[in-house]
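Student: Below you will find the structure I want to go over with you.
The values are calculated or read from the model by the stated rules, or taken from the named source; none is laboratory data. It should be emphasised that the depicted structure is a prediction, and the values quoted were computed from it without experimental measurement. Counting neighbours? That spans all protein chains shown, and the Cβs are built from the backbone with ideal geometry, glycine included.
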Amino acid sequence: MHKLVIESKNVEFLAKVSKLSGQPITRCDQCGICSGSCPMVDEMDITPSQLMRMVQLGQEEEVLGTKAMWLCASCYTCTVRCPRGLDVSKVAEALRQITLRQAIDHIDITKIPEEEIRILPQVALISAFRKFTG
Amino acid sequence: MKAEQNRVLNSQEIMRRISTASKPIVSGVEEKDVEHWVTIYIMGKGYKVPADLTILTAIEYAGYKFIRGCGCRQGFCGACGTIYRKKGEYKLRTGMACQTRVEDGMYLVQIPFTPAVKPSYDLNKEEYAVSTVFKYYPEVARCVSCNTCTKACPQGLQVMDYVQAAIKGDFKAVAEESFDCIQCGLCALRCPSEIVQYNVAQLVRRMYGKFGTGPVPAYVTKRIKEIAEGKFKEDMDRLTKLSKQELEKLYSERKRESEYKETKDSD
Amino acid sequence: MKIPFYPGCTLKTSAKNFETSAIASAKALDIELVELPRWNCCGTVFSLTTDDLIHHVAPVRNFIRVQEMNESGLVKDEYRMVVLCSMCYNTLKRANLRVKNNRDDLETINNLMYEENQRYEGKVDVVHLLSLLQNIGFDKIKEKVKKPIKSLKVSPYYGCMLLRPKEVGIDDAEDPTIQEDLLASLGAEVIDNPYKKVCCGSYQTVQDKRIVAKLAYDILTHAQERGAEVITTSCPLCAFNLDNRQKEVKEMHPGFKEIPVLYFTQLMAIALGLDKETCGFNLNYVNPESLLKSKNLI
């Protein structure tokens, strides 16, 4: 069984994400409503609840290495349903930004297939680049 | 010891010769007659130069010789982009070196080139649609309307407006607003979204010219046909065989525009 | 009534039919939608981090345009800004709330835009067309209906951006009825869909259209099972994901039957007796014309 030791770097990571998202992440009591509401949860490697738990425990490398935050569609369903008033979409955004702000893009904008560029509306490209590029 | 002394003298002499060779020949004004001088800083080093020079000629006066980053000297080619700061200010300003007068305390650097992306395309194979802009320049979707490009433009163009027009697919507006762009590249260097505004505008102007400006005028079609039929072949052959002196004579003795009678269908 | 109108980039190209049908329908209701001069892309999606300010500049610039419209007389004492595209609506409205509630941030943003002729004072109100129509009263709209769309079974789709988060929602996030009320006033038979508020996948369509096709299949079939003949939406991205991506849906589910996806303003235009040209059906991926012809609506 994996033993988890909480060190100062873990506490710092939690503080960093809490500040960037503006959310009191320690308030999450792991009820699972966000995971049940998330339309993308089937595709994710960890659920929104697990993402919140990992952040609470300050597991920076582990959580930043998951696909979940990139599969978020910013639909805000978790936001309106969290019984503790937490905005999980903001936590996901904070995690994305930590990576993007290191100039690590999640999408290569030059590699979108030509037949897709021909039909994709501007709103799709603009929003995808907003979420996946720094 | 003697050899070393000779070497020192030689290098001083060499530097003197270089500096003299680069000095512009300003006819009619002797250096001792210049009344107003200013100090400018070129890449951090200070130089005293006559106050009425442009940045370009001031840099040459200081002893630099332009082999790149200098073109038409007329404000049209976009080669001599300069970033400078005025004394007492914090803002970085932009201008063309050949069009901007020096000021005392000016702190400047030349930007002779912008290594911007420039994809090749064949307009005959592209759709006249906004998707073509995104195909070659997807980064244009990252524009945050910060207006930094407009602030950087030495031509005073509303660069943000034409980038936004490109995103909206309003190609006429892009063509009109970007018409006076001299492709100096300063906008692209400052853009936080890494957009190459002037290349985007060039693509759109080309598309607009080809697909958006309506049918080719009749006189253009007529002239192309005449050329293909060889109407001007004899004249062109004769011209290309002339010597430099004959060409110069022909040019200086040419009929002026005012001497031509106005005709409906000019030949 | 003359009211500032923010179209957004997509409404000028692939969703032009949304714009033309909206402007025409509004005109028939004595509402003149006056386009913002020199508007810029809203920069969707709303930036969610606490420290980001640059991504709120684009919306605020548009609010300055509304102020300018009032000064130049394009509109008179009208600081409401009508938006059609749900994505633009959400981004603009949230950005507006952000700067109205954080005057220090608004100050910083205004200072950045020093080359503008004026500062944003915080007077603008972002309003979705559906809310505007609701304020006017759906019964008033019913009076203007010339061709009630009674034979048509319509299932409205909301998506995310119109309803969430609560401070910008045009109706209840769990059980909205605003589109249903409008469609009922147009004479349609309204079909409820429990998936009407489930996300279509949004921008994930750029990188993974398979996920979007999966969500679209659920959303559309739940409506079809209840008898829906047409879906309505207020978002060009939802329209793309539910309409154009039906190609991928069919590949994944060979038995899937196509269903037209329309902008609610296209149905408004028909019901108000306007010309078919204002609807621009050629831009809809699944062509609705044969269905509408069979119902004697066009």
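Student: Among the residues of region C:159-172, are any outside any loop (DSSP other than H, G, I, E, B) and surrounded by 19 or more Cβ atoms within 10 Å (Cβ to Cβ)?
Tutor: no
Student: Further, regarding this structure: Kindly indicate whether residue A:49 is small (Gly, Ala, Ser) and within 14 Å of another protein chain (Cβ to nearest Cβ).
Tutor: Here the answer is no, as residue A:49 does not meet what is asked.
Student: Could you check, for region A:113-127, whether at least one of its residues is touching a Leu at 6+ places or on another chain (Cβ under 9 Å), of a type in the set (Val, Ile, Thr), more than 27 Å from residue C:195 (Cα to Cα) and not assigned by TED's automatic domain parsing to the domain that holds residue A:36?
Tutor: Among the residues of region A:113-127, at least one is touching a Leu at 6+ places or on another chain (Cβ under 9 Å), of a type in the set (Val, Ile, Thr), more than 27 Å from residue C:195 (Cα to Cα) and not assigned by TED's automatic domain parsing to the domain that holds residue A:36, which makes the answer yes.
Student: Can you name the residue in region C:99-115 that is within 13 Å of chain B (Cβ to nearest Cβ) and touching a helix residue (DSSP H, G or I) at 6+ places or on another chain (Cβ under 7 Å) and is also surrounded by the fewest Cβ atoms within 10 Å (Cβ to Cβ) among such residues?
Tutor: Looking at the filtered set, the residue picked out is C:115.
Student: So, one more: Just to verify a result, which residue in region C:52-73, among those that are of a type outside the set (Ser, Thr, Tyr) and over 16 Å from residue C:110 (Cα atoms), is surrounded by the most Cβ atoms within 10 Å (Cβ to Cβ)?
Tutor: Keep residues of region C:52-73 that are of a type outside the set (Ser, Thr, Tyr), which gives C:52-71, C:73.
After this cut, where a residue has to be over 16 Å from residue C:110 (Cα atoms) as well, the list is C:69-71, C:73.
Working: C:69: 23, C:70: 16, C:71: 10, C:73: 8.
For region C:52-73, the residue satisfying everything is C:69.
Student: Among the numbered criteria (1) more than 14 Å from chain A (Cβ to nearest Cβ); (2) surrounded by fewer than 21 Cβ atoms within 10 Å (Cβ to Cβ), which one does residue C:96 miss?
Tutor: Result: residue C:96 passes all but (2).
Student: Please work out if residue A:79 is at pLDDT 95 or above, within 23 Å of residue C:194 (Cα to Cα) and of a type in the set (S, T, N, Q).
Tutor: Against the criterion (at pLDDT 95 or above, within 23 Å of residue C:194 (Cα to Cα) and of a type in the set (S, T, N, Q)), residue A:79 qualifies.
Student: Also: Considering only residues that are over 19 Å from the mean Cα position of the chain (by Cα) and of a type in the set (A, V, I, L, M), look in region C:241-268 and name the one that is surrounded by the most Cβ atoms within 10 Å (Cβ to Cβ).
Tutor: C:249
Student: Looking at region C:11-28, can you tell me whether even one residue there is in contact with a Gly (Cβ under 9 Å, 6 or more places away or on another chain), under 23 Å from residue C:165 (Cα atoms) and of a type in the set (Ser, Thr, Tyr)?
Tutor: So far as region C:11-28 goes, no, none of its residues is in contact with a Gly (Cβ under 9 Å, 6 or more places away or on another chain), under 23 Å from residue C:165 (Cα atoms) and of a type in the set (Ser, Thr, Tyr).
Student: Do you know which residues across region C:173-186 are over 17 Å from residue C:25 (Cα atoms) and either small (Gly, Ala, Ser) or part of a helix (DSSP H, G or I) (or both)?
Tutor: C:173, C:178, C:180
Student: Those residues that are of a type in the set (Phe, Trp, Tyr) and either facing another protein chain (nearest Cβ under 7 Å) or farther than 30 Å from residue C:150 by Cβ (or both), I need them from region C:190-212; list them, please.
Tutor: The one that is of a type in the set (Phe, Trp, Tyr) and either facing another protein chain (nearest Cβ under 7 Å) or farther than 30 Å from residue C:150 by Cβ (or both): C:203.
Student: Can I ask one more? In region C:110-133, what residues are under 27 Å from the mean Cα position of the chain (by Cα) and in a helix (DSSP H, G or I)? Quick ask: steps written out before the conclusion?
Tutor: Residues of region C:110-133 under 27 Å from the mean Cα position of the chain (by Cα): C:120-133.
C:129, C:130, C:131, C:132, C:133 - these are the residues of region C:110-133 that are under 27 Å from the mean Cα position of the chain (by Cα) and in a helix (DSSP H, G or I).
Student: Can you find even one residue in region B:213-224 that is closer than 29 Å to residue B:112 by Cα, in contact (Cβ under 8 Å) with a residue 40 or more places away in the chain and out of contact with any strand residue (DSSP E or B) (no Cβ under 8 Å at 6 or more places or on another chain)?
Tutor: no
Student: Looking for something surrounded by fewer than 22 Cβ atoms within 10 Å (Cβ to Cβ), in contact with a strand residue (DSSP E or B) (Cβ under 8 Å, 6 or more places away or on another chain) and at pLDDT 95 or above - is there at least one such residue anywhere in region B:161-182?
Tutor: yes
Student: So which residues in region A:111-133 are basic (Lys, Arg) and more than 7 Å from chain C (Cβ to nearest Cβ)?
Tutor: A:111, A:118
Student: Looking at region A:87-98, which of its residues are among the hydrophobic types (A, V, I, L, M, F, W, C) and either facing chain C (nearest Cβ under 9 Å) or crowded, with 21+ Cβ neighbours inside 10 Å (or both)?
Tutor: Within region A:87-98, A:88, A:91, A:92, A:94, A:95 qualify.
Student: Taking region C:246-298 as the region of interest, how many residues are under 25 Å from residue C:138 (Cα atoms) and of a type in the set (D, E, K, R)?
Tutor: 4
Table: residues versus (1) more than 14 Å from every other protein chain (Cβ to nearest Cβ); (2) surrounded by 19 or more Cβ atoms within 10 Å (Cβ to Cβ).
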| position | (1), (2) |
| --- | --- |
| A:6 | yes, no |
| A:17 | no, yes |
| A:21 | no, yes |
| A:35 | yes, yes |
| A:65 | yes, no |
| A:76 | no, yes |
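Student: I need the helices (runs of 4 or more DSSP H) fully contained in region B:82-168, keeping only those with at least 1 residues that are under 21 Å from the mean Cα position of the chain (by Cα) and within 25 Å of residue C:43 (Cα to Cα).
Tutor: B:148-152, B:159-168
Student: Hey, another quick one. Just checking: which of the helices (runs of 4 or more DSSP H) contained wholly in region B:191-247 hold 2 or more residues that are in contact with a helix residue (DSSP H, G or I) (Cβ under 6 Å, 6 or more places away or on another chain) and assigned by TED's automatic domain parsing to the domain that holds residue B:129?
Tutor: Filter on region B:191-247 gives B:197-207.
Student: Quick one: count up the residues across region C:134-158 that are part of a loop (DSSP other than H, G, I, E, B) and either β-branched (Val, Ile, Thr) or within 17 Å of the chain's Cα centre (by Cα) (or both).
Tutor: Qualifying residue count, region C:134-158: 4.
Student: Quick check on this structure: which one of C:48, C:53, C:33 is in contact with a Phe, Trp or Tyr (Cβ under 7 Å, 6 or more places away or on another chain) and of a type in the set (A, V, I, L, M, F, W, C)?
Tutor: Going through C:48, C:53, C:33 in turn, the sole match is C:33.
Student: Yes or no: residue C:236 closer than 27 Å to residue A:72 by Cα and either charged (D, E, K, R) or buried (at least 19 other Cβ atoms within 10 Å of the Cβ) (or both)?
Tutor: Yes; evaluated as a whole, the condition is true for this residue.
Student: Further question: Output the number of residues of region B:68-91 satisfying the condition of being modelled with pLDDT of 90 or more and touching a Pro at 6+ places or on another chain (Cβ under 9 Å).
Tutor: The qualifying residues number 7.
Student: For region B:106-161, give me the residue count where each residue is touching a residue at least 40 places away in the same chain (Cβ under 8 Å), within 12 Å of chain C (Cβ to nearest Cβ), of a type in the set (Ser, Thr, Tyr) and under 19 Å from residue B:181 (Cα atoms).
Tutor: Here the count works out to 1.
Student: Select from region C:227-252 the residues that are out of contact with any helix residue (DSSP H, G or I) (no Cβ under 6 Å at 6 or more places or on another chain) and over 27 Å from residue C:170 (Cα atoms) and list them in ascending order.
Tutor: C:246, C:247, C:250, C:251 - these are the residues of region C:227-252 that are out of contact with any helix residue (DSSP H, G or I) (no Cβ under 6 Å at 6 or more places or on another chain) and over 27 Å from residue C:170 (Cα atoms).
Student: Looking at region C:196-298, what helices (runs of 4 or more DSSP H) fall wholly within it and have at least 1 residues that are closer than 28 Å to residue A:112 by Cβ?
Tutor: C:204-207, C:209-225, C:236-239, C:246-252
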